[in-house]
There are 2 protein chains.
Amino acid sequence: MKVEVECASCILHRGYLQIIGATKDPSVQFKAMSALTDLLAKEFNPSATPAILGTKRDRIVKKIASVSDPYAKRKRMSNQKALEILPQVEGLILNEKTAKSRFRTACLCSIVGNTMEFDIPGHTFNYDDIGRLIKRAENDLVIDEISQIFNLSKKTKKIMFLADNAGEIVFDTLLVRELKKLGANVIIGVKGGPVLNDATMEDARYVGMNKVADDIVTTGTDAVGLIPEECSEEFLTLYNSSDMIIAKGMGHVETLTEFNLISPHALLLRTKCNPVANFFKVKRDKNVAKLMP
Amino acid sequence: MKVEVECASCILHRGYLQIIGATKDPSVQFKAMSALTDLLAKEFNPSATPAILGTKRDRIVKKIASVSDPYAKRKRMSNQKALEILPQVEGLILNEKTAKSRFRTACLCSIVGNTMEFDIPGHTFNYDDIGRLIKRAENDLVIDEISQIFNLSKKTKKIMFLADNAGEIVFDTLLVRELKKLGANVIIGVKGGPVLNDATMEDARYVGMNKVADDIVTTGTDAVGLIPEECSEEFLTLYNSSDMIIAKGMGHVETLTEFNLISPHALLLRTKCNPVANFFKVKRDKNVAKLMP
């Protein structure tokens, strides 16, 4: 997926928020911001991919502002808050009578979990809203290929589940459990280092994903979404040998849609910005379950 | 006044909104946005003045997107809406019993008028809020030098009143009338060409400022705030020969505070962004009446 003109100020704004969170020294703040304006001047053009610019932005901020994990606190908070309401969300799934309807509800809750992201201009998130968002998850589901994803999952032996955000990954455990019940081997892919509020190995273990999934691996890199050139060989071997991929969130849409997908990829996400919504030709702040290619 | 790091994404965001309002052609949109990222890469540094970058931004957008007046519609709307409620606002002033209290109320209403600005990230404005904002204008007045401004105005023969936005200029007519009653000659300075939603000669005449003030002149340029190097000789002669300046809005704060002020300048504004609020060491979304130097 390519950037839209709107992405420029969003990229800068998220950089700004990370910078001021990382340092109170105006000279360091300006040094980091100058590096970001240079990045945009050099690389912001119609063929750029937002997640790649976002990755470069985050590395610039981490390096110049000397901060290893700008979202550390908010990631912990998201995990804790999501764990608090996990039993209720789990109850919704267990209340369903068939494997298919349990799978559907687990998908919807996992997509609602994807709202847990910060600093996107125009996207507000409040933990108290999760219940309401789950209630209206069916209404907000503007691309609904959950049935096809379910049917494919039943036939699939090896699934790679690419996680997105901390907090969100708590609800993902419920979907992984449903996938396991269908007989698949499920490997979770998390980020190899801190980037935005994306889940890392620490988050996956903290929320108990290791008790549900067959294995957890990292991409081997701190990139937004999936940038194969940056991933470890170990990760790529697992990714390429999977029969099916389930990929959460916008960063995966932005990057995965840039290369020829061979195995089926199920994209589960909330459209939290206009460019991603426009890519799917849907509105912003909606739920998407799309099977590609 | 110098930029803060926060200004970078704001400058870009306001540029983006002007670009998409001006053209639906993505290639032109990207061309304009690239010129803006170049501008920031070259000129965004701790010694930059926000209004000067804003002026350059707006000229880039007007040129590349071939739009002469991006805010034309909203300026007309602001004038009309403000004229609709002018009688009520006028009533508040006429209800006051002394020249001093009428002056005070007229200042407050003129400052509230300064909320009529668009596209500033985090600043929302709704015409229906004007009444409420006037009611709480005293509470929001965090820098109050209205008495000093009143006392100075009484002694002053020649006042130049630098207007800011369309719509706002409707309420300014009431303050100009009070200034006239104190015996001063009042000349209004408006922008010499369209920039943001700043009032031009057309706006000043449309709202009847010509019936209240002694004269209306333009700065001779389409710059945000006041950039003397760009102003016409005619304007500068009048500006320099005034005994006192009343300057509305943030653009004037950003530019006027950059040079040695000789005559007294009364700054009347709403702090609609953090950097301007920080300059005055007050909070955002507050009213300021400050005499400088």
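Taken together, the values in this text are just the output of simple stated rules run on the coordinates, not laboratory data. None of the values given here were measured: they were computed from a predicted structure. We place every Cβ from the backbone using ideal geometry, glycine too, and count neighbours over all the protein chains shown.
Placing a label point 7 Å from the Cα of B:K281 along the Cα-to-Cβ line, no residue of the range A:1-40 has its backbone N under 12 Å from it. Taking Cβ atoms as reference points and 13 Å as the exclusive limit, the residues near A:G15 contribute a net charge of +3, counting Lys and Arg as +1 and Asp and Glu as -1.
What is the extension gain from A:L261 to A:D69, computed as 0.36 nm multiplied by their sequence separation minus the C-alpha to C-alpha distance, in nm to one decimal? Can you show the working numbers first?
Values: separation 192, 0.36 × 192 = 69.12 nm, distance 3.11 nm.
Using 0.36 nm per residue and subtracting the Cα-Cα distance, I get 66.0 nm.
Counting other beta carbons within 10 Å of each Cβ, put A:L83, A:L226, A:L92 in order, fewest first.
Values: A:L83 15, A:L226 26, A:L92 18.
Least to most surrounded, the residues fall as A:L83, A:L92, A:L226.
Annotation for A:R132, label-to-label distances across the other copies: 1.8 nm (shortest first, one decimal, point 7 Å from Cα along Cα→Cβ). Using C-alpha pairs under 8 Å with a sequence gap of at least 6, the mean separation divided by the residue count of the range B:75-292 gives a relative contact order of 24 percent. Ordering B:I262, B:L83, B:T156 by the projection of their Cα atoms onto the charge dipole of chain B, which places +1 on the Cβ of Lys and Arg and -1 on the Cβ of Asp and Glu, puts B:L83 at the extreme positive end. For helix A:50-64, what angle does its Cα long axis make with the longest principal axis of chain A, in degrees from 0 to 90 and rounded to 10? That works out to roughly 50 degrees.
With the simple spin-label model, which puts each label point 7 Å out from Cα in the Cβ direction, the B:V28 to A:Y127 separation comes to 4.8 nm. Sorted from closest to farthest, the other copies place their B:S241 label points 8.9 nm away, with each point set 7 Å from Cα along Cα→Cβ. For the residue pairs A:K2/A:K191; A:K75/A:K290; A:K191/B:K272; A:K191/B:K286; A:K248/B:K42; B:K157/B:K191, the alpha carbons lie more than 32 Å apart in A:K191/B:K272; A:K191/B:K286; A:K248/B:K42. Summing +1 for each Lys or Arg and -1 for each Asp or Glu among the other residues whose beta-carbon sits under 14 angstrom from that of B:V142 gives +3. The angle between the Cα long axis of helix A:72-94 and the main principal axis of chain A comes to about 20°, on a 0 to 90 degree scale. Identify, for chain A, the residue whose C-beta comes nearest the rotation axis onto chain B, and round that distance to whole Å. Reported as residue, whole Å: A:A41, 2. Measuring nothing but alpha carbons in the protein assembly as shown and taking Rh as the Kirkwood radius, the Rg to Rh ratio lands at 1.07. Axis angle, to the nearest 10 degrees, between helix A:7-22 and the longest C-alpha principal axis of chain A: 80 degrees. Across all directions, the shadow cast by the convex hull of the range A:84-180 built on its C-alpha atoms averages 6.6 square nanometres.
Divide, for the range A:182-279, the radius of gyration over alpha carbons by 2.2 N^0.38 Å, where N is the residue count. Before the final figure, lay out each step's value.
On the way: Rg = 13.4 Å, N = 98, 2.2 N^0.38 = 12.6 Å.
That works out to 1.06 for the range A:182-279.
Projecting 7 Å from Cα along the Cα-to-Cβ direction, the label point of A:K100 sits 8.2 nm from its equivalents in the other copies, listed shortest first.
Charged neighbours of B:R59, selected by a Cβ distance under 14 Å, balance to -1 (K, R count +1; D, E count -1).
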